[in-house]
Amino acid sequence: MAETLDLSIFVKHEDNGTAHLDLAIEGIDCAACIDEIESCVLRLPGMVDARLNYTNHRLAVEWKEGEIAPTAVVEELQRLGYRAHPFQSRLVEEEETRRAQWLLKCLAVAGFASMNIMLLAVSVWSGNVTDITPETRDFFHWLAALIALPAVAYAGQPFFQSAMKALRNKRTNMDVPIVIGILLALTMSVFETLNHAEHTYFDSVVMLLFFLLCGRYLDQAMRRKTRAVAGNLASLRAEVAHRIDSSGEIVLVPTAALRPDDRVLVRPGERIAVDGIVISGSSEIDESLVTGETAHRPTRAGDQVYAGSLNYNGTLTLQVTAAGKGTLLDEVSRLLENAAAAKSRYVQLADRVARAYAPVVHTAAAITALTWIATGASVHDAILTAVAVLIITCPCALALAVPVVQVVASGALFRSGVFLNAGDALERLAAVDTVVFDKTGTLTLPDMQVVNPASIAPDILAAAARIARLSHHPLAAAVARTDGNRRSFEGVVEEPGQGVRTIVDEVEMRLGSPAFCGLEEEARESAARHPDCSLIAFAWGEKRAILLVRQALRPDAVSVVADLRAKGLDCRILSGDRPEAVAPIADVLGISAWRGGAKPADKIAALEELKAEGRKVLMVGDGLNDAPALAAALVSLSPISAADLTQAQADAVFLGDRLAPVLATIDIARRAHRLMRQNLLIALVYNLIAVPLAFLGYVTPLVAALAMSGSSTIVTLNALRARADTGTLPRRSETTPDLVLQEA
Amino acid sequence: MDVLLYLVPMALLLGLTGLAAFMWSLKSGQYDDVEGAALRVLSDDDIKP
């Protein structure tokens, strides 16, 4: 690009006269890149520091203010063969990073405490069966208390906070019985230490914390990794716009730098980057990303246009409107609010179990105490046994059962190019029995493609592709893509709104509208046969051809839909495009239940109907018009090319040109759900064995330690099976950005 | 067994030193780029031939 991008809004100015810029780098694939990038950037004048983070592919550069322009860094990287995009860290990601660090600190404290206390506990256990003196045992118990109390106070915070939050909202979650168990076990152990007793449970408490924190941390690390990649993708996608300054000068700026009432120039063939009102110029725009409609809409001064539309043949000047203004956006956001409010809050599997679990366990403990008193034991012994019941049932395995599977499954999804936005989406995905697809941009690729290359002579197609390379028209770009030849012809002239022409071998070559090439007769015929295609004509002396262009199906759409159906899923199409354009697609895919011309409200109504039939709907969509439907469906997916608002609503986002991730997502989710239920069953069986033992008073600290670590280990190992078989899934397509190629 | 009176606290102190070292390394950003750190160690550009 000859124009340089104005990066000034991304530069952070430090107090000591240095400027700081974060860049997301595309194209890093080996260890040598670290050195190459850092040393070349540092060689630039005025550069103070350049540090590449290889884990998340971000480069932090610092330079002396005013000595070098930030664009020079980007250009240097370009020269080295890397593409750099200014990166603005998002609030969510920073929040996740902070939380992950905090959990790691808690984990370190719990690990330190559990190792040291276990050292003391094992000495006491072996001493109890040999010749430990009561004084030494008391000393060890006091030391254990000294370590355990502050460690639990610090490392237990994530659980205390979560339990408090649940109780304040008058709900319970898995953390409530955990916290009750921890606190009771600690209190009893301190009490027993004071009484010079043989048994304390300090080791069980800190070990429990350590296991649980491991689960939490892994969960957080996985989510953070997904967010980092999503953050990079967002900055790679970050769009730029030509802003017209007050002096009339045109500057290329990132859209993030645009303010309402700025004026923006949109040239033919460019994607409109912001919402705005046309103040001058007229053109046809393709709003397929916004409404799903593939026919172009004529636009003139005073019309509202939306970000994501593609400008076809005329230059437009826009006035930027504040986000969320405009009739369509208003409607979409109103529907979104309703859909989100109406969506009955899905209760996660773990919470449902917790809801049933806590009362049962606490009742069991109470019954234990009463039975022991009734059979003549002292109150002290009765309470001790009851607390032992609570400790042994403290849902260590239960609390790990679901999160560990979620971590392993989202790792498997990550490797197949799917990013989960919501952790509980896996459970909802597993329940799905109906898949509703949007057509434009979801079943079809977002870019236009020539659909009849086979019926055109290869030399004509090659010539058309070469001349098309010099046109700015989006349809011509589709023609240019049919041929890898990068050379074009000399002296190509673009006639605005008509086409391009040049002289090759003393014969005039034209590519453009049928009228421009004198092929109106043939064009009428083709248009009648293919009502869903746009036409481009090519004429070079006697060599003439009509090229049909439309958004082609994703390469594996047919097989994926067939596979989905083979798995017993009902596939449907719900499109905002004209019925004539939907029909052929539905026909190819063999889907009989389809609807075209659906407005956002119609889509929601259709989903409500399906819901009323008792179906569990997965909605796959990309357009702005799909956002409310995605929110209304039980669970939703969207391709990475989707509108921003839509991606924010989707439970998961998939990468690449293929539809296979939809299939992979459902497969992995189903397997994960099966494993979650198995894990819960294992935890239940464990409790069925452990509770009677505790009831009868056989649970010593040694038994508790063995039982808890044993059950946690089994559950974790079982969860690891969620990653099995992912190797057989189709590899991600070539277009996947390289920064996700690394294994999770 | 009196030896335990100072041996055990000493062992604890050593453990605490380890914990403090971990906290320091976490705070100084040594876990921000674990993959990069694994590869940087292989770079030998700082050694003059």
**Item:** Cβ-placed point charges (K, R +1; D, E -1), dipole of the protein assembly as shown about Cα centre in debye, nearest 20
**Value:** 2180 debye
**Item:** Projected label distance in nm at B:Val34 and A:Glu495, using a 7 Å step from Cα toward the beta-carbon
**Value:** 6.4 nm
**Request:** Treat each spin label as a single point 7 Å out from the Cα along the C-beta direction, and report the A:His362 to A:Ala422 distance in nm.
**Result:** 2.9 nm
**Buried on assembly, the stretch A:116-139 (at least 20 Å² less accessible surface than by itself, 1.4 Å probe)** = A:Asn116, A:Thr136, A:Phe139
**FRET efficiency, A:Glu337 to A:Gln78 (Cβ-Cβ, R0 45 Å, nearest 0.05)** = 0.55
**Prompt:** Which value, in Å² rounded to 10, gives the accessible area of A:Cys394 with a 1.4 Å probe and all protein chains present?
**Reply:** 10 Å²
**Request:** Multiply the residue separation of A:Lys165 and A:Leu91 by 0.36 nm, subtract the distance between their alpha-carbon atoms, and state the gained length in nm to one decimal.
**Result:** 24.4 nm
**Prompt:** Ignoring ligands, DNA and RNA, what percent of the 1.4 Å accessible area of chain A is carbon and sulfur?
**Reply:** 57 percent
**Prompt:** How long, wide and thick is the protein assembly as shown, going by the Cα atoms along their three principal axes, in whole angstroms, largest first?
**Reply:** 109, 71, 46
**Fill in**
In this structure, the FRET efficiency calculated for A:Arg529 and A:Glu249 from their beta-carbon separation, with R0 = 30 Å, to the nearest 0.05, is 0.05
**Request:** Per residue, how big is the convex hull around the C-alpha atoms of the stretch A:109-251? Give it to me in cubic angstrom, could you?
**Result:** 173 Å³
**Prompt:** Assuming R0 = 45 Å, what is the FRET efficiency of A:Arg481 and A:Arg677, from their Cβ-Cβ distance, to the nearest 0.05?
**Reply:** 0.40
**Item:** Accessible surface ranking that places the most exposed of A:Lys603, A:Lys64 first, with a 1.4 angstrom probe
**Value:** A:Lys64, A:Lys603
**Complete:** For the stretch A:1-61, listing trypsin sites (Lys or Arg not before Pro) in a DSSP loop whose Cβ sees at most 11 other Cβ atoms within 10 Å gives A:Arg43
**Complete:** Candidate cut points under GluC sites (Glu not before Pro) in the stretch A:603-710, DSSP loop plus at most 14 other Cβ atoms within 10 Å of their own Cβ, are A:Glu613
**Request:** Could you size up the charge dipole of the stretch A:5-118 around its Cα centre, putting +1 on the beta carbon of Lys and Arg and -1 on that of Asp and Glu, and report it in debye to the nearest 20?
**Result:** 380 debye
**Fill in**
Longest principal axis of chain B (C-alpha) makes with the long axis of helix B:4-27 (C-alpha) an angle, in degrees to the nearest 10, of 30 degrees
**Request:** Compute the projected area of the convex hull of the Cα atoms of chain B, averaged over all viewing directions, and report it in nm² to one decimal place.
**Result:** 6.0 nm²
**Item:** C-alpha center-to-center spacing [the stretch A:277-295, the stretch A:132-146] in angstrom
**Value:** 78 Å
**Request:** For A:Glu506 and A:Thr315, compute 0.36 nm times the residue count separating them, minus their Cα-Cα distance, and round to one decimal in nm.
**Result:** 65.5 nm
**Asked** What helices in chain A pass both tests, a Cα length along the helix axis of 24 Å or more and a mean Kyte hydropathy of -1.0 or higher, using whole DSSP H runs?
**Response** A:91-128, A:134-155, A:175-194, A:202-237, A:349-374, A:396-415, A:660-695, A:701-720
**Item:** For the stretch A:258-313: relative contact order, % (alpha-carbon pairs under 8 angstrom, 6 or more apart)
**Value:** 45 percent
**Item:** Gained length - A:Leu146 relative to A:His20, 0.36 nm times residue gap less alpha-carbon distance
**Value:** 40.8 nm
**Complete:** Using alpha carbon positions and the Kirkwood radius, the Rg to Rh ratio of the stretch A:446-553 is 0.93
**Message:** With a 1.4 Å probe and all protein chains kept in place, how much accessible area does B:Phe22 have, in Å² rounded to the nearest 10?
**Reply:** 50 Å²
**Prompt:** So what's the gap between the Cα centers of the stretch A:613-635 and the stretch A:1-61, to the nearest angstrom?
**Reply:** 40 Å
**Request:** Only loop residues by DSSP count here, and only those with at most 16 other Cβ atoms within 10 Å; note down the GluC sites (Glu not before Pro) in the stretch A:114-210 that meet that.
**Result:** A:Glu198
**Request:** Name the residue farthest towards the positive end of the dipole of the stretch A:1-88 from the options A:Leu5, A:His20, A:Ala31, assuming +1 on Cβ of Lys and Arg, -1 on Cβ of Asp and Glu, about the Cα centre.
**Result:** A:Ala31
**Item:** Accessible area buried, both sides summed, chains B and A with 1.4 Å probe, Å²
**Value:** 2000 Å²
**Asked** Between B:Val41 and B:Val3, how many nm apart are label points set 7 Å from Cα along the C-beta direction?
**Response** 3.6 nm
**Request:** Project the alpha carbons of the stretch A:238-331 onto their principal axes and report the range along each, largest first, in whole Å.
**Result:** 36, 27, 25
**Item:** Mean residue ellipticity (222 nm) of chain A, computed from DSSP H runs ≥ 4 via -39,500 (n - 2.57), nearest 500
**Value:** -16500 deg cm²/dmol
**Prompt:** Could you give the dipole magnitude of the stretch A:592-686 about its Cα centre, charging the beta-carbon of Lys and Arg +1 and that of Asp and Glu -1, in debye to the nearest 20?
**Reply:** 440 debye
**Item:** Label zone at A:Ala153 (point 7 Å along Cα-to-Cβ), backbone N below 19 Å, the stretch B:19-38
**Value:** B:20
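The values are calculated or read from the model by the stated rules, or taken from the named source; none is laboratory data. None of these values were measured; they are calculated from a predicted model. With ideal geometry, Cβ positions are generated from the backbone for all residues, glycine too; neighbour counts draw on all protein chains shown. The area values use the complete protein model at the heavy-atom level, side chains included, leaving out ligands, DNA and RNA. Shrake-Rupley method; radii C 1.70, N 1.55, O 1.52, S 1.80 Å.
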